[in-house]
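What follows is a short report on a single structure.
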Amino acid sequence: MRVAEGFSRVQRGLVAAVALGASGAAGADETAGLWLERMADALHELRYEGVFVYQHGDRLRAMRILHDTDDSGERERLVALDGNQREVIRDDDEVTCILPDHTSFVLERRAPGRTFPPVLPEDDADLDGYYAFELGEQGRVAGRTTQEVRLQPRDDFRYGYRFRIDDDTGMLLQSELVDNDGEVVERLMFTSIEFREAIDAEALEPGIEGEEFMWYEHDREDSPSFSGERRWEATSLPPGFEREDYRRHRAGEAGTPVEQLVFSDGLASVSVFVEPADAVAQPLDGHSSRGAVNAFGRGEGDTRITVVGEVPRAAVERIARGMQQREAP
C-alpha cells in the first residue's frame, strides 16, 4: 500500500490547509478568512524556532523546527527529537532528507501537494462551496493567546480543520484534522516557540555528519520517466476535486512503469497510483486506513489502482472506482 510515511508527513501536517485567503461569505466567515490569510503569511514571513508534537493515529512524534526567511527565499531545518534520527533541510524549493538509519541523503524538489510551506492558490473562492468558515473561541497554546478558526466540511468527502492562530503574530500554533464524527484524526501542536530577529546560519546546517553517506538526488524536472499520453482518467471525482498533477515514471530496481495522478479541492489532496498488477508484491484490495490517511485499492484487468489521501474513506473509494482507461484517439 502506498501510504506516505515519516518525515514528509510531518512537514505536510504542519500546513495542511494554511493557504487560504478571505472567503466570499459575509460576517464571521470573512473574519475567519482574514485570520487564515494572516496565518498563511506568517508561516512564510516569520523567523522562528520551536518544538512541536505531531499525532497521527496512535503515533506521537516530537520535532524541532528552525525557520528563516529573507529576500532570497526561505530556509528551514527540521530535526526529529524521538524515534529514528532524521533531519530535513530546506533551501527554498530544494529539500534534503538526512536518514542516518539508511546511511543516505535524499535531495529532491518539492512537488505539488508536498510543499512546506505550501504554494498559495491564486483563487480560493470555490472553497466556500465545500467548507464553512467559522470563528471559534480564544485559548492558549505554548503559553500564547490564540484564536480558533474552523473549516467545517459541507459533505462526507473531506475532513474538517481546526486551527489555533497566535493573536500577536498570526502564526499557526495548533492544527487538527477532524473526521465526520467530530473525532480528531491528526493533530500538530507547538509546545514552545520563539520568534527571532535573526536565525544563526550555522543553526540551519545539518547536525549529522555525512562523510560516509550516499547521496540520492531526485529532481522532478529531470526524473526518469517514460513518454506517452495519459492512459487513465478519473470519471467520478468528489465535488470540487480537480486534477492538480500528473506524472509517468519508473519505480524500483525493475523500472516498473507507474502513472501518478494528484487531485485536490484546493485544500485536501489525493494521489492515484496505476501500475502493472504483477509488479505489486502486496496489493491492496478494498479499504485500509491509518490515522487520517485512507486508501482504497482494486484491480482492473492486468492493472492495480491504489488511491491514497488524507480524506475520508468515501472520497478515496469513489475516486478508485471511477478510474477508467482512456480510449485510444
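Just so you know, all these numbers are worked out from the coordinates, no wet-lab data involved. Predicted model only: the values in this text are computed from it and were never measured. Heads up, the Cβs are rebuilt from the backbone with ideal geometry, glycines too, and the neighbour counts pull from every protein chain shown.
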Kirkwood Rh and Cα Rg combined as Rg/Rh, region 272-329 | 1.00
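Apply the a/c threshold of 1.5 to the C-alpha gyration tensor of region 259-305 and tell me whether it is rounded, prolate or oblate. Intermediate values should be presented prior to the final figure.
Numbers: a/c = 2.81, a/b = 1.52, b/c = 1.85.
Since a/c reaches 1.5 but b/c is at least a/b, the shape of region 259-305 is classed as oblate.
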Rank-order 37-47, 307-317 by packing density, defined as the average count of other C-beta atoms within 10 Å over each peptide's residues, highest first.
-> 307-317, 37-47
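If R₀ is 51 angstrom, what is the calculated FRET efficiency for the pair residue 246 and residue 41, using the beta carbon separation as r and rounding to 0.05? Mind showing how you got there, number by number?
Numbers: r = 30 Å, r/R0 = 0.59.
That pair, residue 246 with residue 41, gives E of 0.95.
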Listed highest first by mean packing, meaning other Cβ atoms within 10 Å per residue, what order do 166-175, 149-158 come in?
-> 166-175, 149-158
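How would you rank 290-303, 183-196, highest first, on the average number of other Cβ atoms within 10 Å across their residues?
Ranking, from highest mean packing down: 290-303, 183-196.
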